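Just so it is clear, none of the values below were taken in a lab; they were calculated from the coordinates. In this text the structure is predicted, and so the values were computed from the model without any measurement. Here Cβ is always computed from backbone atoms with ideal geometry, including for glycine, and neighbour counts include all displayed protein chains.
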Amino acid sequence: MVPRKKVLIYDSSKCTGCRSCMAGCSLQHEGECSKILSRIHIVRKEESGDNYISGCNHCENPICVSVCHFGANKIDREKGIAIIDANVCTGCKECVTYCPFGAANFNPRTGKAFKCDLCDGDPVCARWCPSGAITYGYPDITLKKKRRDLQITQGKMLVEALKEV
Amino acid sequence: MKLPVRYYSVVTQATKKFHEVIEVKEGMTVGEIVEQLCNRYGSKFREYAIVRTEFNGKVFYTPNVYLNGKNVHFPEDHPQGLNTPVKEGDLLELGLISGGA
Amino acid sequence: MYGWAGQRLRVDLTKGDIIKEPLDYEYRRKWLGGRGFNSEVIYREVPPEVDAFDPENRVCFGVGPISGTAAPSTGRVTVSCKSPLTDGHGDANMGGHWGAELKYAGYDQIVVQGRAKKPVYIWVDDDKVEIRDASRIWGKYPREADRIIKEELGDEDIHIVLIGPGGENMVRFACTLNDVYRAAGRTGTGGVMGSKNLKGIAVRGTGGVKIAKPKEFYEVCNRLREKFKTDPMRAGLWNYGSLCLINVANRDGWLPVNNFQFGAHPNANNFSGETHKATVSKGKEGCFACPICCGQFTVIKEGKWAGEYFGGPEYEHTVPTGPRVGIGLGDDANDVWHNARLTNDFGLDGIETGGVISWAMECYQRGLLTAKDTGGLELEWGNEEVVDKLIHQIAYRQGFGNILAEGSCKAAKKLGLPKEAEKYTITTRGMTLPGDDPRGLGFGYGLSFSMGTRGGEDHLRSLCCLELSGFLYPGLNTKVIGCEDPAKPTTTVGKPYMVYYEENQKASTDCLNVCCFTTHWSYAVLTEDQVEYLNTCTGLDFTVEEFQEIGERLTNLERAYWARHLSGKREDTLPDRFTKEPMPKTVPYQTNEGATVPLDRMLPTYYVYRDYDPETGFPSERKLKQLGLDYVAKDLKPYREKYKAMGRKAER
């Protein structure tokens with residue numbers, strides 16, 4: 001049995017820049033709709049119409065955990081992902097500096113770092129994303145589906161072959 | 001008999017064309033023809049041709065189908081709705097969102 | 001405070017003053033926000049004797065309690081002023097993300113008054129507000145100015161409202177834009193900003209919107225967003241944006257060709273949404289928190305305009321400088337996209353630009369204008385070289401374009417043209433019709449065009465979609481009006497009430513400042529849902545009736561503003577083209593051959609629903625008092641007599 005966990009998978013080419021994910025994330029976690037309180041961030045380049053999703057990749061060996069000097073950021077046994085304990089966090093911002101995806105955040109009001117916790121198993125961002133740019137799934141199954149889609153568009157199928165007969 | 005059919009908006013994503021002439025039996029109903037097209041073009045076509053809406057807790061299937069310029073949904077134009085039989089000279093249109101004269 | 005920020009930012013550019021005014025509970029409950037706050041300020045602070053380009057005019061930017069929240073589509077902003085095009089009430093609405101940012105900075109509204117001595121822009125950095133020098137960006141297209149401001153302020157994640165050269169040159173129908181391409185198109189708000197030497201307003205907001213009942217609010221938002229996934233009207237917008245309408249309009253004969261002389265053309269598919277997607281589309285864009293994401297992005301790949309790119313266009317942006325002036329109907333559809341790009345970069349209202357050019361072309365067609373008047377330009381339908389040149393001339397007020405920049409009604413007077421020329425302006429109260437011929441789109445729309453409170457000719461005052469998409473929501477027309485008949489566009493049954501209802505609904509929606517595509521067009525969000533998310537957000541207890549009454553109050557206020565400018569019943573008209581000229585047939589499957597709009601059959605009943613005085617068309621005293629507008633009733637007293645006297649004089 002391969003141990004698997006569901007994570008958030010991002011496809012920025014589908015992102016419309018609407019930020020429904022940010023509005024939902026901040027609402028769910030903080031009871032307030034805001035950009036700076038969101039765990040996920042959308043970078044918009046309005047003039048060229050390009051959008052980029054900066055979100056937690058739920059790394060197997062997260063850098064944000066290894067740089068935490070105080071043990072505030074640890075892999076949660078049940079969820080299998082890195083979770084920051086606000087009670088322990090000192091606000092040193094090492095995780096913010098070292099996350100290569102810009103997915104560790106700092107809350108200036110509380111002085112603590114915060115990151116994506118997958119919303120207790122039903123992430124709002126994935127549910128609310130109108131284009132499917134954010135999905136919540138098993139990486140290996142997502143990869144299998146991607147290969148299958150490629151087979152349909154690029155491979156030759158029996159039905160098509162029969163048409164030529 | 002030959003029946004001209006025109007496609008609009010999202011329906012064209014399923015059919016990949018704006019219009020065609022299909023072969024049908026005289027007296028076939030609009031509903032049967034739409035069903036035939038759904039079988040040919042798949043679930044996306046069905047979704048856009050017969051729109052499923054939920055309103056006040058009830059589910060409705062509203063045909064987005066026009067026969068001779070009139071929406072089959074309006075009973076005073078087509079009292080038999082989807083059960084209207086087609087005849088020579090008819091025109092079928094699918095995927096429009098607004099009404100006509 | 002929940003929902004609202006509770007604060008108005010007032011900037012006086014003459015004195016350089018920055019004032020923050022608290023908005024108390026009474027005010028917020030009565031006017032709600034967005035267009036409500038704006039119209040209230042314009043009514044009170046810009047009296048009839050103030051000209052639109054006078055420093056005493058205001059330009060207001062309003063957002064509402066729901067702006068910046070997780071409810072569907074909450075990024076919109078209403079921009080209001082006294083209009084330099086119509087000399088009456090003017091406002092426009094734009095999407096994008098600036099509205100949410102303004103809310104996060106801690107403001108429900110910005111009011112700008114006065115005039116700066118030199119070009120400036122306002123920088124709103126949460127509670128820190130500065131007026132900064134804009135000499136480096138004056139003259140630049142919004143896309144360049146946006147980049148330069150972001151560089152100067154050292155932050156690319158801010159959002160900026162800008163005007164283009166059109167606004168700087170005080171073209172009477174120049175627009176304001178945010179996020180480079182999102183336009184508040186109509187009524188010339190950009191011209192007013194230009195007259196104040198105001199290039200733009202940049203905003204950074206690090207705050208948020210506090211929600212009174214986060215769990216319940218989340219439930220409503222979630223439920224509504226689920227509905228959008230399978231909503232029948234969302235599919236067209238998601239796939240093609242509002243351009244999904246081109247082929248539909250063509251078939252039902254409401255696509256303007258050659259200034260509405262025709263309602264369809266065999267080659268309309270050249271610039272349809274389907275063709276756009278296959279040839280020039282690059283990805284999709286969404287406004288703040290929107291589940292529909294109908295925004296398009298265009299990159300022209302071939303031909304003489306290859307390499308041009310911009311966000312958009314919408315249906316209403318494509319049509320006026322496209323088929324309405326005969327462009328795009330031959331071989332090269334890229335001309336249509338190029339013209340839309342021009343009006344964006346110049347900061348001009350695409351609808352009015354196409355409207356004024358098509359007016360001039362029809363005058364030329366009928367011999368009322370000659371090449372002598374136009375500086376040698378041959379105004380032939382479909383002549384892209386001329387259209388391109390005229391758009392440039394209008395933006396920079398050069399040559400013949402300088403006269404066109406006044407708008408068609410004022411231009412007709414300036415040129416001293418015979419009365420016949422007025423008929424071809426296709427305007428009501430001085431503003432031109434958008435790309436929807438009411439002989440095909442529907443009689444409800446026809447009625448709302450004549451009655452709209454931002455200069456008549458406007459589809460967004462009611463967005464009367466109960467007759468456009470109503471049949472896809474079985475039972476909705478019965479619930480609102482009493483029977484399903486009004487779902488048919490070309491019947492007058494139920495239309496007076498439909499327009500009354502849709503106008504109130506839309507006005508209230510503009511106060512929350514959410515996108516009307518979620519509540520009119522798509523009816524996934526109904527009034528009950530809006531009240532539910534409003535209450536769970538603010539912690540208050542609005543009812544459906546109170547919510548709709550806010551819209552009714554706003555409509556009456558704006559109508560009263562027109563009344564003070566002596567505009568009433570006599571101006572509630574539609575151009576003769578729609579009421580007297582039967583629609584010609586130009587494509588085989590066109591359905592509205594011979595149609596005209598029976599406006600006179602619908603107007604009297606609509607007046608009864610509105611409780612307008614039958615003689616003047618002004619709001620009645622009774623209704624104004626009922627809506628808590630006693631001060632307005634008092635204001636109107638002298639104007640009623642004056643308007644009646646003008647009528648008697650005209651009759652003699």
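The table for this structure:
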read-out	value
Chain C, relative contact order in percent, only Cα pairs under 8 angstrom and at least six apart counted	15
Extreme residue, positive dipole direction of the protein assembly as shown, given options B:Phe74, A:Ala133, C:Thr543 (C-beta unit charges)	A:Ala133
Neighbouring partner chain Cβ atoms per residue of C:286-298, average, 10 Å criterion	5
Chymotrypsin sites (Phe, Trp or Tyr not before Pro) within the stretch C:99-167: DSSP coil, no more than 16 neighbouring Cβ in 10 Å	none
Chain B: most fluctuating residue of B:Lys16, B:Lys58, B:Lys70 per GNM, C-alpha cutoff 10 Å	B:Lys58
Rg and Dmax of the stretch C:386-485, Cα atoms only, in Å	18.2, 55
Added length on full extension, which subtracts the Cα-Cα distance from 0.36 nm per residue, C:Glu45 to C:Lys479	152.3 nm
Estimated distance in nm for a label pair at A:Ala86 and B:Gln80, the labels positioned 7 Å out from Cα along Cα-to-Cβ	6.7
Pairs of Cα atoms farther than 18 Å apart, chain B, %	44
Projected-area mean, chain C, by convex hull of Cα positions, square nanometres	26.0
Values of log10 I(q)/I(0), in the order q = 0.16, 0.21, 0.23, 0.26 Å⁻¹, for the stretch C:604-643 under a Debye, Cα-only, solvent-free model	-0.36, -0.61, -0.71, -0.86
Enclosed volume per residue, in Å³, of the convex hull spanned by Cα atoms of the stretch C:7-204	101
Lysines whose Cα lies under 17 Å from that of C:Lys103, excluding same-chain neighbours fewer than 8 positions away	A:Lys35, C:Lys20, C:Lys128, C:Lys210
Compactness relative to 2.2 N^0.38 Å, alpha carbon Rg of the stretch C:521-652	1.41
Within the stretch C:566-606, backbone nitrogen closer than 12 Å to the virtual label 7 Å beyond the Cα of C:Gln365 toward Cβ	C:584
Counted charge near C:Tyr589, where neighbours are those whose Cβ lies closer than 13 Å (Asp, Glu -1; Lys, Arg +1)	0
Cα convex hull of the protein assembly as shown - mean projected area over all directions, nm²	39.3
Euclidean distance of C-alpha centroids, the stretch A:69-96 and the stretch C:375-401, integer Å	64
Percent RCO, i.e. relative contact order, over the stretch A:6-137, from Cα pairs under 8 Å lying at least 6 residues apart	31
Listed residue pairs exceeding 24 Å between alpha carbons, taken from B:Lys2/B:Lys70; B:Lys16/C:Lys304; C:Lys82/C:Lys642	B:Lys16/C:Lys304
Proportion of all alpha-carbon pairs of the stretch A:1-127 beyond 20 Å (%)	45
222 nm mean residue ellipticity, helices alone, for chain B (DSSP H n ≥ 4; -39,500 (n - 2.57); rounded to 500)	-6500 deg cm²/dmol
Within chain C, helix-based [θ] at 222 nm, where runs of 4 or more DSSP H residues each add -39,500 (n - 2.57), nearest 500	-11500 deg cm²/dmol
Mean separation of Cα contacts under 8 Å, 6 or more apart, over the residue count of the stretch C:345-457: relative contact order %	24
Surrounding net charge for C:Tyr121, when Lys and Arg each add one and Asp and Glu each subtract one, Cβ distance under 9 Å	+1
Max mean-square fluctuation residue, GNM over chain B, Cα-Cα springs under 10 Å, options B:Val51, B:Val34, B:Val72	B:Val51
Highest to lowest packing among C:293-306, C:9-22, scored as the average C-beta count within 10 Å	C:293-306, C:9-22
Shape metrics for the stretch C:254-432, restricted to C-alpha atoms - Rg then Dmax, Å	16.3, 52
The stretch C:24-64 - Debye-derived log10 I(q)/I(0), Cα point model, q = 0.25, 0.27 Å⁻¹	-0.82, -0.89
